[in-house]
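The values are calculated or read from the model by the stated rules, or taken from the named source; none is laboratory data. The structure displayed is predicted, hence computed values, not measured ones. Cβ: placed from backbone, ideal geometry, glycine included. Neighbour counts: every protein chain shown. Note: areas computed on protein heavy atoms with side chains; ligands, DNA, RNA excluded. Shrake-Rupley method; radii C 1.70, N 1.55, O 1.52, S 1.80 Å.
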Amino acid sequence: MGSSGRMAALFLKRLTLQITKTENNCIRSCWGKYVVQKMAPAQPSPIASAPRPSCLTYAKAFSTEDTRDEQKKKKKDDTAFSNIGRKISERIIHVLDEQGNDLGHMHRATVIRLMDERDLRLVRRDPGAEPPKYQLLTGAQIHHERLRLRELEKAKPRPRPTLTKELTFSSNIGQRDLDTKTKQIQQWIEKNYRVQITVKKGKSAEEPESKTEDIFNQILQTMPGRATFSSKPQPIRGGKAVMCVLRPLSRKEETVSTAAQGAPRGDPLNRETGNDGESGVPHQ
């Protein structure tokens, strides 16, 4: 065999070995993947892992907000003047007729039959009684009673919120500036405001301890029969200032004060014209 034949045989041998090695690697790789997939735990499918709709169905039933809303609605229905229809929760109730006559204790079935026979409605009168008290009324009577209760609610005096104004100045304030601030306080009192006044003590060592209290009294004396101390002067900020709160007199207090003075120094006429008697406060 010549040299060319030997080279060809060697090439074929190497090619055969390379093909065999490649096939073995492919077989080994495929077999490894198959074994790993078989040994791995089964993964749940996305559909199986999704939450069941039934879990969401009952979530609202346990909502705290819904429970509170239901309690508020029930409480409102219990106190409202309205026809309850046939929903009588008690077995035995105390019944009044449409004229207010006492029919005594009756079974709810009897009451419902009476409502049907006479075309009447049933309203609560005293749910806290034992047994609870109800009354049979016509539709027109219920309507008129609602209007009456609405008018009574409107007629109730509604308390106005008490607002507080604040004013701060030094005890070294001049008389002219003090008169200006006093006039501002008077205007607030006229509008039924409370006025919190804070007077900071001056740095002068010669200032008497009673100077701040004298300032408060001077301001109050300009409003006889109209204002008083809601909070008397008291030291604050470690004694570096004194604070008090003035408030308008009530109608009863104004009457007593006017009678005690013997002259209506703070009467409505003076208030409207802006004359405060002997207040000593200049008006602009």
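Has the range 246-264 got any residue that is at pLDDT 90 or above, within 25 Å of G202 (Cα to Cα) and in the same structural domain as Q187 (by the TED database)?
yes
Filtering the range 98-129 down to residues that are at pLDDT 90 or above and at positive phi, which residue is most open to solvent (accessible area, probe 1.4 Å)?
The qualifying residue most open to solvent (accessible area, probe 1.4 Å) is D119.
For residues that are within 29 Å of the chain's Cα centre (by Cα) and open to solvent by 60 Å² or more (accessible area, probe 1.4 Å), scanning just the range 189-213, find the one that is nearest to P233 (Cα to Cα).
R194
If you scan the range 174-188, which residues turn out to be under 43 Å from the mean Cα position of the chain (by Cα) and of a type outside the set (K, R)?
Matches in the range 174-188: D177, L178, D179, T180, T182, Q184, I185, Q186, Q187, W188.
Quick test for you: out of T168, T162, pick the one residue that is surrounded by fewer than 16 Cβ atoms within 10 Å (Cβ to Cβ), at pLDDT below 90 and within 33 Å of the chain's Cα centre (by Cα).
T162
Can we say V95 is within 40 Å of the chain's Cα centre (by Cα), more than 30 Å from V195 (Cβ to Cβ), of a type in the set (V, I, T) and at pLDDT 90 or above?
Taking the combined requirement at face value, the residue satisfies it.
Go through the range 82-181 and tell me which strands (runs of 3 or more DSSP E), entirely inside it, have 1 or more residues that are in contact with a strand residue (DSSP E or B) (Cβ under 8 Å, 6 or more places away or on another chain) and among the basic types (K, R).
Details: elements: 92-96, 102-107, 121-126, 133-137, 164-170.
Here the list reads 121-126, 133-137, 164-170.
Of everything in the range 186-236, what is part of a strand (DSSP E or B) and closer than 26 Å to R251 by Cα? Give them in sequence order.
If the condition is that a residue be part of a strand (DSSP E or B) and closer than 26 Å to R251 by Cα, then R194, V195, Q196, I197, A227, T228, F229, S230, S231, K232, P233 are the ones that fit.
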